Amino acid sequence: MTDRKTLLVTGGSRGIGAATALLAAKLGWRVAVNYTSNEAAAAKVVAAITDSGGEAFAVKGDVGSEADILEMFKAVDERYGRLEGLVNNAGIAATEQRLDQMDSARIERIFRVNVTGSFLCAREAIKRMSTNAGGKGGSIVNLSSAAATLGGGGSYVDYAATKGAIDVFTLGLGREVASEGIRVNAVRPGMIDTDIHADIGDADRAKKLAPSLPMKRAGTAEEVAEAIVWLLSDASSYTTGSILSVTGGR
Ligand code: NAP
């Protein structure tokens, strides 16, 4: 047993979640790396952390399932017995469509993973962190998106709306638990070069849109992770209910 603080990163196997897990581990957190299907990618993140002397383990679970979320938190309890950080990073998008083409299964799934999943993970974290419940406090970071300010019209209004919900959730929950030692913030990435663009059927989207972005390039997962770990850390001790844009000026 060490004195390291414990962090759970949902969707920690790839993209922004993986970059966050790796950076947080470097800064001394021990990390539960959640994934849903890509066990090899999660194992790679865990190996990179443990090979450098850190502590991490992979935990499978679909944040679109309440039963999986409860199992995931139980696994963290059993492994580390404490929790001071949660990054609600797992998120999905779907093929570009107008609303009049979308079926209800798509809309329900995206809200279940991106919104309900974040709510339920935060609920479980608060039960463990709240000073009202005997916890020692903690920090929760949600993943919003520039889509929440742009709307996603013609492409993914469903995804954009889930991120709008995350913004309001962050503001309200931040106030709700501020006196219990818990801070709740969000990071709002812009166009970041990760696998998520393949989900909407445009794997090269980040490269294609780069010339239209203020810095003429997409961001990296590592650049977003820097903002997330700052919000997790005590360096941001008076920041709660805030949304930090990492959009390269977009
Ligand atoms: P990504 O590269 O597609 O990686 C997604 C990660 O989430 C993977 O680790 C995946 O696990 C996991 N995941 C997917 N569905 C899950 C589920 N139901 N339960 C648990 N884990 C699940 O995504 P990303 O681009 O890094 O995005 C991370 C977050 O940032 C998302 O919330 C996204 O909306 C937000 N964001 C991204 C961008 C961008 O341009 N990339 C911009 C704004 C906001 P497996 O490896 O097991 O599949």
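Here are a few things to note about the model shown:
- Sites Ala133 and Asp103, calculated FRET efficiency, Cβ-Cβ separation with R0 45 Å, nearest 0.05: 0.65
- Proximity of backbone amide H atoms, modeled 1.01 Å from N, is registered between Lys5 and Arg30 at under 5 Å, excluding neighbours fewer than 5 places apart on the same chain.
- Take the Cα radius of gyration of the chain and divide it by 2.2 N^0.38 Å, N being the number of residues; the result is 0.95.
- In the elastic network of the chain, a GNM with C-alpha springs shorter than 10 Å, the most mobile of Gly151, Gly137, Gly17 is Gly151.
- Ordered by the number of other Cβ atoms lying within 10 Å of each residue's own Cβ, fewest first, Val224, Val229 fall into the sequence Val229, Val224.
- Within segment 143-250, the chymotrypsin sites (Phe, Trp or Tyr not before Pro) that combine a DSSP coil assignment with at most 11 other C-beta atoms in a 10 angstrom radius are Tyr238.
- Likely footprinting exposure, Met129, Met215, fewest C-beta neighbours within 10 Å first: Met215, Met129
- Helix-only mean residue ellipticity at 222 nm for the chain, each DSSP H run of n ≥ 4 adding -39500 (n - 2.57), per residue, nearest 500: -12500 deg cm²/dmol
Taken together, the values in this text are just the output of simple stated rules run on the coordinates, not laboratory data. What you see is a predicted model, and the numbers here were worked out from it, not measured in a lab. Ideal geometry is used to build each Cβ from the backbone, glycine not excepted, and the neighbour counts take in all protein chains shown.
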